[in-house]
Amino acid sequence: MPLSATSDRDSDKQGPQPASPKPTFCFRCIGCGSITSNAPQDFRCAQCNNLLEITDSSWNSRNPTALKSLWRERRTLNAALDLSGVWRFRELLPAPASEQHVVTLREGNTPLYDLPLSSRITGVSHLYAKHQGMNPTGSFKDTGMTVASTFALQAGYRWVACASTGNTSASMAAYAARGGLRSLVLVPEGKISWSKLSQALDYGALTCQLRTDFDGCLRLLQELVRRAPVYQLNSINPFRLEGQKTLAFELMEQLDWQPPDHIIVPGGNLGNSSAIGKALLEMRDVGLIPHLPKLSVIQAEGANALVRTLREAGGKKLVSVQAETRATAIRIGNPASWEKAVKVIQATGGTCEQVTEVEIAQAKVEIGLEGIGCEPASAVTLAGLKHLLRQGFVKKEESVVLILTGNLLKDPDFTMEFHRGDLFQGSTQDREDSSSLKPFQHPPVVLDATLDAVIRTLEQAEKSDAPSHA
Ligand code: F0G
């Protein structure tokens, strides 16, 4: 059964509850600009085949001061829609026909942390991490999935489906289960972490491991949605991006509506950067923020389609790559939302950079030493910041927010191999570069169960100077 938006707590009398708004949104092609009230199954423009985005003429007429106080007040309320860190911002989201359809797991409401160790390492004193890995299924996908699964349910679908590097499938399966929908997952065999795969299994998805990469899975899904009545929940689906906009709304609220100088986000299929950029532009247009932060996207060197698209083709045509990286979440060579991402990077004055596998591993363990942790794909943000500082694109006195997209527990194999020193086995170049990682590796120690053995180990550890910010 769908989780009713208002029925699970008897709390809807606790504060101002505006009546359910009438749907006023429509779809706009990002290429030719044509507008339609209904989107086809593949969410592409019937005229020019480009991607669609959602727009709503009512958004621009909102009063920014009233919105800020309404959204803040909702944080004290207990109605299901207000407890969601996505639906709390519903005035700037597409409105479902009925709040009864809303499928929510209390997503969003994620912490904004300061990063004392990384501040010391980089010299950036105003450095923060918005940790989307603290969402119900452990990644940022949940903020988009609550909106897109709600509209899947409203449209009367029985099956939802996605191609995934792991997090989308985990999130989709959870929201499908919660909404009473069946879910079909297409993942590249052997190229996603076990913990993400195991989430999809427990949430009840029909899980297919295909002998291809993510790009192959996505191609197959595109054909499937034309042939079978399944609703696709990849980030091509513009409802996903609408939900993911709330990351930026919530971030600005946490910063008292004073935008940072820079926001840095990992790039894979490029839905998230597009969503954050869309939210920034909309917030500026509504008058919620006085100016735009620069939005920059970081990719793994082995999956650098956007970097190459901007450098080699001026952002005018996609340069696809054969993707390879241990940050499997962003192992994507043919990103679907590349044009949306190019637009928002250019509109905000941001940039795009790539980082090596060794740099990703080092940044990941540094974020771990903050007591926070993240999955490898998220760590590209800190690694990328170091590049942007060296290039002078980011200045030490500027404020920077890193978007951490996934939880540390999402990829335990990577973490264990890193600490055991096995991560770069078989790759000669990386093995040479990776000697700098040695001081960060602390593999588990196997000892006889004696007090002496433990005390000796403790004394040795005391003598070594493990990196820390103490
Ligand atoms: N970080 C993590 C942890 C991810 O799972 C993803 C994408 C990204 C960053 C990149 O975000 O695609 O919006 O640019 N994961 C997708 C998946 C592709 O299937 O889970 P993006």
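The values are calculated or read from the model by the stated rules, or taken from the named source; none is laboratory data. Note that this is a predicted model, so its numbers are computed, not measured. In this analysis, Cβ positions are derived from the backbone assuming ideal geometry, glycine residues included, and neighbour counts consider all displayed protein chains. All accessible areas refer to the heavy atoms of the entire protein, side chains included, with ligands and DNA or RNA removed. Shrake-Rupley method; radii C 1.70, N 1.55, O 1.52, S 1.80 Å.
Surface composition of the chain: carbon and sulfur atoms hold 50% of the protein heavy-atom accessible area at a 1.4 Å probe.
Applying 0.36 nm per residue to the separation of GLU397 and THR24 and subtracting their alpha-carbon distance, the gain on full extension is 130.0 nm.
Tell me which lysines have Cα within less than 25 Å of LYS191's Cα, excluding those fewer than 8 residues away on the same chain? Counting by Cα, and skipping residues close in sequence, LYS191 has these lysines nearby: LYS141, LYS364, LYS410. Using every alpha carbon pair in the chain, what percent of pairs falls into each 20 Å bin from 0 up to the bin containing the largest distance? Final binned percentages: 25, 58, 17, 1. Per-residue surface analysis assigns THR146 an accessible area of about 0 Å², computed on protein heavy atoms at 1.4 Å probe radius.
Set the bar at 19 Å for Cα to Cα. Now go through LYS245/LYS340; LYS317/LYS395; LYS130/LYS245 and name every pair that lies beyond it. Over 19 Å apart, Cα to Cα: LYS317/LYS395. For TYR203, the solvent-accessible surface with a 1.4 Å probe is about 80 Å², rounded to the nearest 10. The phi torsions of region 108-124, fed into the Karplus equation with coefficients 6.51, -1.76 and 1.60 and a -60° offset, translate into couplings of x, 6, 8, x, 10, 9, 7, 10, x, 5, 5, 4, 5, 5, 8, x, 8 Hz, rounded to whole numbers, with Gly and Pro shown as x. Based on the Cβ-Cβ distance from THR76 to ASP448, what FRET efficiency comes out when R0 is 56 Å, to the nearest 0.05? E(calc), rounded to 0.05, equals 0.55. Rg/Rh for region 190-256 stands at 1.08; both radii use Cα atoms, and Rh follows the Kirkwood definition. Could you give me the percent of Cα pairs per 10 Å distance bin for region 207-342, shortest bin first, beginning at zero and ending with the bin that holds the maximum distance? Going from the shortest bin to the longest, the percentages are 12, 36, 33, 16, 3.
Taking the convex hull of the alpha carbon positions in region 335-404 and averaging its projected area over all directions gives 5.4 nm².
With contributions of -39500 (n - 2.57) from each DSSP H run of at least four residues, the per-residue ellipticity at 222 nm computed over the chain stands at -11500 deg cm²/dmol. Potential lengthening of the chain between TRP59 and ASP422 amounts to 125.5 nm, from the contour at 0.36 nm per residue minus the alpha-carbon distance. Summary value for the chain: 15 percent relative contact order, contacts being C-alpha pairs under 8 angstrom separated by 6+ residues.
From Cα pairs below 8 angstrom and at least 6 apart in sequence, can you work out the relative contact order of region 290-330, rounded to a whole percent? Walk me through the numbers on the way to the answer.
Numbers: 35 pairs, mean separation 16.1, N = 41.
Over region 290-330, the number comes to 39 percent.
A Förster radius of 25 Å combined with the Cβ-Cβ distance from TRP159 to LEU201 puts the calculated FRET efficiency at roughly 0.90.
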